[in-house]
1. From the list B:PRO39, B:PRO95, which one is within 14 Å of chain A (Cβ to nearest Cβ), closer than 21 Å to A:ALA105 by Cβ, open to solvent by 40 Å² or more (accessible area, probe 1.4 Å) and at pLDDT below 95?
2. Any chance region B:43-58 includes a residue that's within 11 Å of another protein chain (Cβ to nearest Cβ), at pLDDT below 95, outside any strand (DSSP E or B) and surrounded by 16 or more Cβ atoms within 10 Å (Cβ to Cβ)?
3. Hey, B:ARG36 hits all of (1) closer than 30 Å to A:PRO7 by Cβ; (2) touching a residue at least 60 places away in the same chain (Cβ under 8 Å) but one; which does it fall short on?
4. If I filter region A:69-112 down to residues being open to solvent by 60 Å² or more (accessible area, probe 1.4 Å) and at pLDDT 95 or above, which single residue comes out as farthest from B:ARG97 (Cα to Cα)?
5. Against the definition (within 14 Å of the chain's Cα centre (by Cα), more than 21 Å from A:ALA110 (Cβ to Cβ), surrounded by 15 or more Cβ atoms within 10 Å (Cβ to Cβ) and in contact (Cβ under 8 Å) with a residue 60 or more places away in the chain), how does A:PHE45 come out, yes or no?
6. Quick check on my filter: what residues within region B:14-36 are in a strand (DSSP E or B) and surrounded by 19 or more Cβ atoms within 10 Å (Cβ to Cβ)?
7. Before we move on, is B:THR71 in contact (Cβ under 8 Å) with a residue 12 or more places away in the chain, surrounded by 15 or more Cβ atoms within 10 Å (Cβ to Cβ), more than 8 Å from every other protein chain (Cβ to nearest Cβ) and farther than 23 Å from A:TYR86 by Cα?
8. Only residues that are surrounded by 16 or more Cβ atoms within 10 Å (Cβ to Cβ) and not in a strand (DSSP E or B): list them for region B:74-92, please.
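The values are calculated or read from the model by the stated rules, or taken from the named source; none is laboratory data. Values in this document were obtained by computation on a predicted structure and should not be read as measured data. All Cβ positions, even for glycine, are placed from backbone atoms using ideal geometry, and neighbour counts span all protein chains on display. Protein only, heavy atoms only, side chains kept; ligands, DNA and RNA dropped before computing areas. Shrake-Rupley method; radii C 1.70, N 1.55, O 1.52, S 1.80 Å.
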Amino acid sequence: GQNIDQPTEMTATEGAIVQINCTYQTSGFNGLFWYQQHAGEAPTFLSYNVLDGLEEKGRFSSFLSRSKGYSYLLLKELQMKDSASYLCAVRFMFSGGYNKLIFGAGTRLAVHP
Amino acid sequence: NAGVTQTPKFQVLKTGQSMTLQCAQDMNHEYMSWYRQDPGMGLRLIHYSVGAGITDQGEVPNGYNVSRSTTEDFPLRLLSAAPSQTSVYFCASSPDRDLRKLFFGSGTQLSVL
């Protein structure tokens, strides 16, 4: 299978930095994504990594190590509106050349004043 | 610009009833997919399509049928609803098969009694 593991819940303080980790099985790996989902809403795209290293986009950064099957999402200068679930998703290529995007269970982040 | 439109937003069914969840996108996207989201399990891929006339199974296809007769529409059919199909359903589309960015509909909350 394509097990994708991330912590269930995290808490952090407004203005702080938080790192959300994601590990996955490397067989068939073809890219890693992070999505944000506020309660009762649809997920929205945050970031995409296909090569090793850090991708920075404003307050959010995402890191990938393909050899270790590991990624993290780094959120800086936390704001109350960052309270949401953060979904790690891995793109796998299957027979026939088609890609599938498989999601982890998500990490629910609560930001406190 | 409507994006991805899902109907209905809420639905209650009795066990054994059939229904179709509708999904339409107006972005001329090649790729469309259906996910279900259950507490603690994240988003799970039901079926996906890489173009009109082409569909394939995801992680949890049993009990669901799909077809893709046009680029715009990708309906999900429940032939005989079961309580285990109580979930939130999301339709998502992507401009290409690389899935670099999924655009999600607003979701359908389905309860099967």
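1. Only one candidate qualifies: B:PRO39.
2. Within region B:43-58, one or more residues are within 11 Å of another protein chain (Cβ to nearest Cβ), at pLDDT below 95, outside any strand (DSSP E or B) and surrounded by 16 or more Cβ atoms within 10 Å (Cβ to Cβ).
3. Unmet for B:ARG36, out of (1) closer than 30 Å to A:PRO7 by Cβ; (2) touching a residue at least 60 places away in the same chain (Cβ under 8 Å): (2).
4. Filtering region A:69-112 for residues that are open to solvent by 60 Å² or more (accessible area, probe 1.4 Å) and at pLDDT 95 or above, the one farthest from B:ARG97 (Cα to Cα) comes out as A:HIS112.
5. no
6. B:LEU21, B:CYS23, B:ALA24, B:GLN25, B:TYR31, B:MET32, B:SER33, B:TRP34, B:TYR35, B:ARG36
7. yes
8. Across region B:74-92, the qualifying residues are B:PHE74, B:PRO75, B:ALA81, B:GLN85, B:THR86.
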